[in-house]
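**Student:** First the structure, which I've put down as structure tokens, then a few questions once you've had a look.
The values are calculated or read from the model by the stated rules, or taken from the named source; none is laboratory data. Since this is a predicted model, take the numbers as computed values, not measurements. All Cβ positions, glycine included, derive from the backbone under ideal geometry; neighbour counts span all protein chains shown.
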Amino acid sequence: MRIEDVEFFPLSQRQEDPTWSFALANYPVIEGWIIVLRAEDASGHGYAQAIPHMGSNFEGIRAALGLFKPKLLGRSALDIDPILADLDAVIAGNAQAKAGIDCALHDLAANLLGVPLHALFGGAFRKSIPQIRIIPIKTPAEMAAQARRLVGQGYRSLKIKLKGRVADDVERVHAIRAEVGKDVLLTLDPNQSYLAKDAISALRRMEPDDVYLVEQPVPASDLRGLELVTRSVTQLVEADEAAVTLNDVLQLANHRIVDAISLKIPKLGGLRNAMLAAKICHSAGIAYRVGATFGPRLMAAHGVHFAAALPRLDLPCELAEFDHL
């Protein structure tokens with residue numbers, strides 16, 4: 001069961017909507033790398049993707065993968081944790097590249113053992129996972145129309161991207177709530193675009209629209225501001241960009257800075273770290289969910305197995321975004 005071959009192939013996918021954007025960027029094309037691991041004697045294979053995001057880039061990921069390849073060849077495909085520890089010793093950071101290798105190793109191990117991937121984490125707690133869909137930044141009317149289409153497809157939870165301009169964002173939320181009615185769960189994501197006091201002002205003005213949760217309203221580095229928002233509004237407050245490492249998750253949970261944490265497999269460095277982060281949240285009584293990652297269906301499939309193996313799911317997950325690629 002040794003790893004005999006390691007290959008990387010470039011990946012490029014155009015968004016169905018080239019104007020798809022959020023507060024920090026526009027993503028007309030999703031680029032990254034497909035990772036293929038093969039065991040000796042063609043006994044098994046593992047697939048994954050490594051997609052750059054927020055601080056990483058296409059060529060940087062390729063360089064990191066090249067450094068990792070010698071640490072994979074000839075190793076037992078079931079020695080996942082020792083291999084990942086060796087990768088950490090090769091280079092610091094590079095969470096997206098490490099996440100790709102981590103997911104490929106888990107995929108390979110499950111393939112060799114003839115079990116679903118979630119079995120590697122102790123098995124599935126659930127057979128279905130509620131999903132939330134994201135509405136990108138556009139005019140209020142366009143966003144309301146997109147919300148109507150998604151609800152028409154059967155989605156009952158929506159996440160509204162915001163820009164950090166109070167009046168415009170309040171108008172967006174009002175328009176969407178008026179369009180979808182009161183039975184659809186609405187959450188917000190300004191992607192760090194507010195200062196704390198402006199976020200509090202905006203969220204108070206949105207109270208009539210029955211918003212359930214707001215994700216990362218202030219910059220990731222502003223933990224005091226994030227805590228201030230959490231203590232000042234009726235909506236739940238969730239960390240995303242502030243929860244990049246296991247230590248981040250531990251500090252956010254220990255100090256009750258937020259009500260919830262979005263767990264993203266690439267951001268945290270792979271399935272192993274994401275599961276450790278979930279256990280930290282679970283032990284601390286902090287809500288958590290599997291957050292969005294832009295990429296092909298295989299990335300979502302790894303996320304589905306991860307979500308199935310979580311002991312608790314407090315919020316709908318973001319594992320259907322491949323649908324607009």
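**Student:** Only one of Leu120, Leu65, Leu72, Leu37 is under 17 Å from Ala301 (Cβ atoms) and touching a strand residue (DSSP E or B) at 6+ places or on another chain (Cβ under 6 Å); which?
**Tutor:** Of the residues listed, the single one that is under 17 Å from Ala301 (Cβ atoms) and touching a strand residue (DSSP E or B) at 6+ places or on another chain (Cβ under 6 Å) is Leu37.
**Student:** Search segment 160-169 for residues being under 25 Å from the mean Cα position of the chain (by Cα) and outside any strand (DSSP E or B), and hand back the single one that is farthest from Ile132 (Cα to Cα).
**Tutor:** Top of the filtered list is Arg165.
**Student:** Right, another one. Suppose we keep only residues that are of a type in the set (S, T, N, Q) and crowded, with 16+ Cβ neighbours inside 10 Å within segment 36-58. Which one would you say is nearest to Asp168 (Cα to Cα)?
**Tutor:** If we take residues in segment 36-58 being of a type in the set (S, T, N, Q) and crowded, with 16+ Cβ neighbours inside 10 Å, then Ser56 is nearest to Asp168 (Cα to Cα).
**Student:** I've got another one for you. Quick one: in segment 267-289, of everything that is of a type in the set (A, V, I, L, M, F, W, C) and in contact (Cβ under 8 Å) with a residue 60 or more places away in the chain, which residue is surrounded by the fewest Cβ atoms within 10 Å (Cβ to Cβ)?
**Tutor:** Met275
**Student:** For segment 217-226, what are the residues that are part of a loop (DSSP other than H, G, I, E, B), surrounded by fewer than 18 Cβ atoms within 10 Å (Cβ to Cβ) and not hydrophobic (A, V, I, L, M, F, W, C)?
**Tutor:** Of everything in segment 217-226, those that are part of a loop (DSSP other than H, G, I, E, B), surrounded by fewer than 18 Cβ atoms within 10 Å (Cβ to Cβ) and not hydrophobic (A, V, I, L, M, F, W, C) turn out to be Pro219, Ser221, Asp222.
**Student:** Select from segment 23-35 the residues that are buried (at least 17 other Cβ atoms within 10 Å of the Cβ) and at pLDDT 85 or above and list them in ascending order.
**Tutor:** Ile30, Gly32, Trp33, Ile34, Ile35
**Student:** Could I ask something else about it? So, in segment 170-216, how many residues would count as being in a strand (DSSP E or B) and aliphatic (A, V, I, L, M)?
**Tutor:** The total comes to 6.
**Student:** Do we find that Lys264 is within 27 Å of Ala97 (Cβ to Cβ) and surrounded by 21 or more Cβ atoms within 10 Å (Cβ to Cβ) in this structure?
**Tutor:** yes
**Student:** Please specify each residue of segment 185-206 satisfying the condition of being surrounded by fewer than 19 Cβ atoms within 10 Å (Cβ to Cβ) and closer than 21 Å to Pro316 by Cα.
**Tutor:** Leu185
**Student:** Also, quick follow-up: Please note which helices (runs of 4 or more DSSP H) are completely contained in segment 253-325 and include at least 3 residues that are more than 19 Å from Leu223 (Cβ to Cβ) and among the small types (Gly, Ala, Ser).
**Tutor:** By residue number, 271-284, 297-308.
**Student:** If we keep just the residues of segment 65-113 that are touching a residue at least 40 places away in the same chain (Cβ under 8 Å) and basic (Lys, Arg), which is surrounded by the most Cβ atoms within 10 Å (Cβ to Cβ)?
**Tutor:** Checked segment 65-113; the qualifying residue surrounded by the most Cβ atoms within 10 Å (Cβ to Cβ) is Lys98.
**Student:** Quick one: which residue in Ile61, Ile101, Ile51 is at pLDDT below 95, β-branched (Val, Ile, Thr) and either under 20 Å from Leu263 (Cα atoms) or within 21 Å of the chain's Cα centre (by Cα) (or both)?
**Tutor:** None of the others qualify; the one that does is Ile51.
**Student:** As an exercise: evaluate Ala141 against (1) assigned to a loop (DSSP other than H, G, I, E, B); (2) surrounded by fewer than 17 Cβ atoms within 10 Å (Cβ to Cβ) and give the number of the one condition it does not meet.
**Tutor:** (1)
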